[in-house]
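Let me begin by presenting the structure, written as C-alpha cells, before commenting on it.
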Amino acid sequence: MKRTMIAVITALVAGVIVSSPATAETGKPAQCEFTPTPDNPAARPVRVPRAKAKSHGTVDVSIFTNYGTLDLRLDRDNAPCAVHNIVHLARADFYDDSRCFRLTNSARLGVLQCGDIYRAEEGGPGYKFPDEVTGQETYPRGTIAMGNQGPGTNGSEWFIVHSVAKIRPVYTVMGHVIRGIEVMDRIVAAGIDPDGAVDGAPRYPVVIHDVRVGRSHG
C-alpha cells in the first residue's frame, strides 16, 4: 500500500475499481496477466509466473518469522492470480530473510506490510498484475490482501490486518490467518518507531525467515 495513498484514502471519492481479469469457469484454469516491469526490475532472481493458474479450492501457506509462525489459508476461488503469484514467489524463496518494513496501528487502520525486499514500497519481483476485486471487499482482523501502489500494480507486496482496516475495497483479498494470529499481537505490542507513532517501521525488526507452501484443499 502506498504510504501517501493510505494517508488520504478516506478523503478520496473516486469510483470503485472493478477488475477481475482471472475470471474462469469453476474448475477451469484462470488466465493471468503478468507484465514485466523493466523500469522496476526484480529485487531477487525470480521468473515471471506462468499465465495459467488454478482457480478453485484453497492452499495453505506458512510464514515463519522471528516472532512466531503465521498459518494462512489462501482462496483460489476469490483471487486465483494473486494466490498463484504468492505460491510462485514462496517456492522461489523470494521472501526468505526479508523484513516487514511497515506497521500501522490506528483506529482506522491496523496492518503489517510485508513483501518489499529493500524497504517499504521498494523491492518487487520485476512484474505486475491486475487487481481481483469486486468492490465488495472487507478487511477484518486476520485478512491477508495484496498491497499495491495504484490500480493494477500488484507484485510481491501484501499486508495482514491485525485489528481493523477501514479502507476502500481496492486491495485483492487472498485469504486469512487460520493459526498464529497472536504473532500479530506480539508485533503490535512491541511498538512502532518512532515511539508513539501510529505508522512506521516496527520498533523491533520483523524478519521473515521462510514462506512455505502446504496442502491444497478442493
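The values are calculated or read from the model by the stated rules, or taken from the named source; none is laboratory data. Values in this document were obtained by computation on a predicted structure and should not be read as measured data. Backbone-built Cβ (ideal geometry, glycine too); neighbour counts: all protein chains shown. Calculation scope for accessible area: heavy atoms of the full protein, side chains included, ligands and nucleic acids excluded. Shrake-Rupley method; radii C 1.70, N 1.55, O 1.52, S 1.80 Å.
Structural remarks
- In the set (1) small (Gly, Ala, Ser); (2) touching a residue at least 60 places away in the same chain (Cβ under 8 Å); (3) part of a strand (DSSP E or B); (4) under 18 Å from CYS32 (Cα atoms), SER156 fails one condition alone, (3).
- Count of the range 88-101 residues, restricted to those that are open to solvent by 10 Å² or more (accessible area, probe 1.4 Å) and not acidic (Asp, Glu), is 5.
- Any hit, the range 156-163, residues being touching a Ser or Thr at 6+ places or on another chain (Cβ under 6 Å), open to solvent by less than 10 Å² (accessible area, probe 1.4 Å) and under 21 Å from ILE63 (Cβ atoms): yes
- Odd one out for VAL188 among (1) part of a strand (DSSP E or B); (2) hydrophobic (A, V, I, L, M, F, W, C); (3) within 15 Å of GLN113 (Cβ to Cβ): (1)
- Comparison of ILE178, ILE208 shows that the only residue that is within 24 Å of ALA42 (Cα to Cα), in a strand (DSSP E or B) and at pLDDT 95 or above is ILE208.
- Taken over the range 164-195, residues that are among the hydroxyl-bearing types (Ser, Thr, Tyr) and open to solvent by 40 Å² or more (accessible area, probe 1.4 Å) amount to 0.
- Count - residues of the range 39-86 that are assigned to a strand (DSSP E or B) and open to solvent by 10 Å² or more (accessible area, probe 1.4 Å): 11
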